[in-house]
Each structure stands twice: as C-alpha cells, then as structure tokens.
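Accompanying notes for the structure given below.
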Amino acid sequence: MLVATVALRGGVLASSNPLELNGGSCLAMAGKGCVALAVDRRFGLEGQLVSTEAKRVLKVNGQLLCGFTGLWTDVLTVMQDLSSEVALKSLAEADRPIAPAALAGLLSTLLYSRRGSPWFVEPIVAGLDPRGRPYLCGQDILGAPVEVDDFVVAGTSAQSLYGTCEAFFRPGMEREELFRVASRCLLSALERDCLSGYGAVVHLITEEGIETRELTTRMD
C-alpha cells in the first residue's frame, strides 16, 4: 500500500504519492449494450499545470479502450508496451480482435512482471465482449484486477467519483442517458479536485463503434 504525504512546497500543494504527481482521473460506466469511458485532459507537475492535451486512452480496437492514470512517464511506457503486446497477439491469432478479458489478463501480466520496480499506473479496461455485453476491469499498480458490472474509477478524483457514481448510476441505461450520467459524475468530481480537470473527453463504446465527445470544465 502506498502511503502518501501532502505538504505545501513554494505555496503549491505537493504530494509524495507518484500516482498523484501528474494528476488525472478516469471513469468507466456500463449501460445497456454500451460503455462510457471518461477522462480529464489535465497534465500537471504536482499543483502546477503543464498541459491540457493529456492523452490517457489507448484505443485497442473498435469496441475496446484502456484508460490510464498515474505517473505520466510510466503511463506512456505501459501504453507503448501494451500496444506492442496486442499487435503480437493479433498476428498470432490471424488478426482476430482481442477480447476485453484477454486484454485485462495481458495487462495484468505486464504490470505484475514489474512487481519489483512497479509502474505507477492505474489502468481501466472498458469495452464490449464478443456477445456485446459491457466489460469493465480496474487494476492497481501490480495488476490485481477488479471486474465490475456497474462502474470503476481511478485517479486523484477517485473518492469523489465513487460518491457521484453511487448517486447517479442505475442499471440498463441507454447510450444517451449513459453519456449524460457519466459526464455529470465526472464533472461533479472534477469540481472538487485541483489535480484534475481542464477539459474532459467521454468515449461511448457501442456495437457500431466508438463515439468521442468533448466536455468543457473549469479552467482554473
């Protein structure tokens, strides 16, 4: 378990937790034959803003995404390594799309292989399985998976996201309702977190493919 301390360094809130150093939050929520994956766009260094163009989502195929939060250098490394592993697996299986559960297993193995010196990332696998059913799986820095059928959260806004998702989520939502609920949950949580925000993106995964919509958030 990571033990974090918080202090003021030069008037800026600072944390010793590597997972919070660059900020960022991620939310995945299941609907009726659809999944929403929502992430913010802030990339910072402790309390200081560096960029509003953070890319936290890896598109695996037309019905499968993987979102990341954590230490930015480790996020980029894991995204690159995971892309390579998926490409090799696709070649071995005659270009058959990888299933969400298989991707979660591949990612878990990748993270656990570095247990001696772990990557400080918290990934979320979100997509539709071959039968068109929502699949959500969150993992910690050692790759321990948690599969759920409602929602999963990660990042610096995790505590607030749990509260908003518990309040607004309901089973069997259609895609538009799912988009509205996921957006409301993320925006409400970002209002309470200075290490996340500065724009957000919601990816809707359906049988037709992936639709991406941008959200406007507080910019201060």
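What do you reckon, is Ala87 at pLDDT below 95 and crowded, with 20+ Cβ neighbours inside 10 Å? Here the answer is no, as Ala87 does not meet what is asked. Contact map, the range 57-68: first residue under 19 Å from Gly143 (Cβ atoms), second residue part of a loop (DSSP other than H, G, I, E, B), Cβ cut-off under 6 Å, separation 6 or more or different chains; pairs are Gly67/Arg56; Phe68/Arg56. Please tell me if Glu174 is closer than 25 Å to Glu46 by Cα and of a type in the set (Asp, Glu). In short, no. Filtered by the rule that a residue be in a loop (DSSP other than H, G, I, E, B) and modelled with pLDDT of 90 or more, the range 8-50 gives Leu21, Asn22, Gly23, Gly24, Gly31, Lys32, Gly33, Cys34, Arg41, Arg42.
Candidates Gly138, Gly172, Gly116: the one that is of a type outside the set (A, V, I, L, M) and on the phi > 0 side of the Ramachandran plot is Gly172.
Within the range 51-74, restricting attention to residues that are farther than 14 Å from Ala154 by Cβ and of a type in the set (Lys, Arg), the residue that is modelled with the highest pLDDT is Lys59.
Looking at the range 122-200, the strands (runs of 3 or more DSSP E) lying wholly inside it that each contain 2 or more residues that are surrounded by fewer than 18 Cβ atoms within 10 Å (Cβ to Cβ) sit at 145-148. Residue under question is Ser117, and the condition is that it be assigned to a loop (DSSP other than H, G, I, E, B) and more than 22 Å from Leu204 (Cβ to Cβ); does it hold? The answer is yes for Ser117.
Out of Leu76, Leu65, Leu111, I need the residue that is crowded, with 16+ Cβ neighbours inside 10 Å, of a type outside the set (S, T, N, Q) and assigned to a helix (DSSP H, G or I). Which one? Residue meeting the stated conditions: Leu111. Does Asn61 satisfy the condition of being polar (S, T, N, Q) and under 24 Å from Glu147 (Cα atoms)? Criteria met by Asn61. Is it the case that some residue within the range 93-101 is out of contact with any His (no Cβ under 9 Å at 6 or more places or on another chain), crowded, with 16+ Cβ neighbours inside 10 Å and either assigned to a helix (DSSP H, G or I) or at pLDDT 95 or above (or both)? Yes; the residues of the range 93-101 include at least one that is out of contact with any His (no Cβ under 9 Å at 6 or more places or on another chain), crowded, with 16+ Cβ neighbours inside 10 Å and either assigned to a helix (DSSP H, G or I) or at pLDDT 95 or above (or both).
Considering every residue within the range 194-202, establish whether at least one is in contact with a Gly (Cβ under 8 Å, 6 or more places away or on another chain) and polar (S, T, N, Q). Within the range 194-202, one or more residues are in contact with a Gly (Cβ under 8 Å, 6 or more places away or on another chain) and polar (S, T, N, Q).
The values are calculated or read from the model by the stated rules, or taken from the named source; none is laboratory data. Treat the numbers as computed from the prediction; the structure is a model and nothing was measured. In this analysis, Cβ positions are derived from the backbone assuming ideal geometry, glycine residues included, and neighbour counts consider all displayed protein chains.
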